[in-house]
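Engineer: Sharing a structure here in structure tokens format.
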Amino acid sequence: SCVDRSEVEKILITASGGAFRGLSRTELSNVTPETALSHPTWKMGAKITIDSATMMNKGFEVIEAKWLFDFPLEKTEILLHDESHVHSLLLLKDGSYLADVSAPDMRGPIEYALLEGKQPFRPVCVRKLSELAPYHFHKFDPKRYPAPQIAINAYKEGGTAPAVLNGANEEAVHSFLNCRIPFLDIEVMVRSALSSIPNQLHPSLRQIQAADSYARMFVKKKIERRGL
């Protein structure tokens with residue numbers, strides 16, 4: 001609302017990298033739900049905290065940006081930011097940036113959403129900029145974090161694929177939290193559901209709901225067959 005969209009070159013969505021941002025893919029094999037829930041900067045619910053560790057949440061956020069702002073996917077990027085103080089940025093065509101900066105406190109975004117985009121009467125958490133600094137940014141590595149691309153590919157497929165993505169991911173995260181699958185198998189289960197469940201193009205609401213439910217059952221049965 002504060003800038004002409006024709007001036008925007010790129011949207012950058014920041015990500016902390018989650019509880020395991022300092023670990024390699026190999027080291028992720030034996031991580032536990034307890035350590036996964038120890039987020040370095042945010043206090044959130046269990047499911048979204050695990051999505052932060054896989055960075056599946058950033059895949060969803062890229063999709064949301066497309067739907068909310070009708071902005072090209074190829075002009076939306078993920079940027080790693082250690083402190084979680086800069087929540088998103090707009091790169092303008094003149095090379096300058098506009099940033100959304102605040103302390104990492106979920107009450108702010110929730111209140112903003114409940115008020116339908118209007119600024120709240122009372123600030124949730126105010127801190128001086130000097131207290132939020134310094135800022136550290138890093139390039140996003142899709143090989144280290146493949147989940148966002150899985151989500152984006154599902155969006156590109158269209159039809160019921162995004163519903164399958166959501167249902168499979170939720171069931172896989174639930175299974176990890178209950179120690180039924182290892183952390184890296186969250187992605188394995190989601191990929192398997194997307195490749196195995198037929199995609200229905202131009203679905204009705206009922207078909208979308210059915211695809212979500214079927215994906216959950218698919219993951220649950222796949223885990224049961226493995227005896228986990």
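The values are calculated or read from the model by the stated rules, or taken from the named source; none is laboratory data. Everything numeric in this text was worked out from a predicted model, so none of it was measured. Positions of Cβ are backbone-derived with ideal geometry, glycine not excepted, and every protein chain shown enters the neighbour counts.
Engineer: Out of 219, 164, 188, I need the residue that is farther than 30 Å from residue 85 by Cβ, touching a Gly at 6+ places or on another chain (Cβ under 9 Å), surrounded by 13 or more Cβ atoms within 10 Å (Cβ to Cβ) and not assigned by TED's automatic domain parsing to the domain that holds residue 17. Which one? Step through it out loud before you land on a result.
Structural biologist: Details: 164 fails: touching a Gly at 6+ places or on another chain (Cβ under 9 Å); 188 fails: touching a Gly at 6+ places or on another chain (Cβ under 9 Å).
Every option except 219 fails the conditions.
Engineer: Counting only residues that are in contact with a helix residue (DSSP H, G or I) (Cβ under 8 Å, 6 or more places away or on another chain), within 29 Å of residue 128 (Cβ to Cβ) and at pLDDT below 95, how many does segment 65-86 have?
Structural biologist: The number of residues fulfilling the criteria is 2.
Residue-wise test of (1) in contact with a helix residue (DSSP H, G or I) (Cβ under 6 Å, 6 or more places away or on another chain); (2) of a type in the set (Lys, Arg).
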site: 130; (1), (2): no, no
site: 134; (1), (2): no, no
site: 139; (1), (2): no, yes
site: 148; (1), (2): yes, no
site: 165; (1), (2): yes, no
site: 186; (1), (2): yes, no
site: 191; (1), (2): no, yes
site: 197; (1), (2): yes, no
site: 221; (1), (2): no, yes
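Engineer: Which of the strands (runs of 3 or more DSSP E) found entirely inside segment 53-161 contain at least 1 residues meeting this: more than 30 Å from residue 183 (Cβ to Cβ) and in contact with a strand residue (DSSP E or B) (Cβ under 9 Å, 6 or more places away or on another chain)?
Structural biologist: Correct list: 86-92, 97-101.
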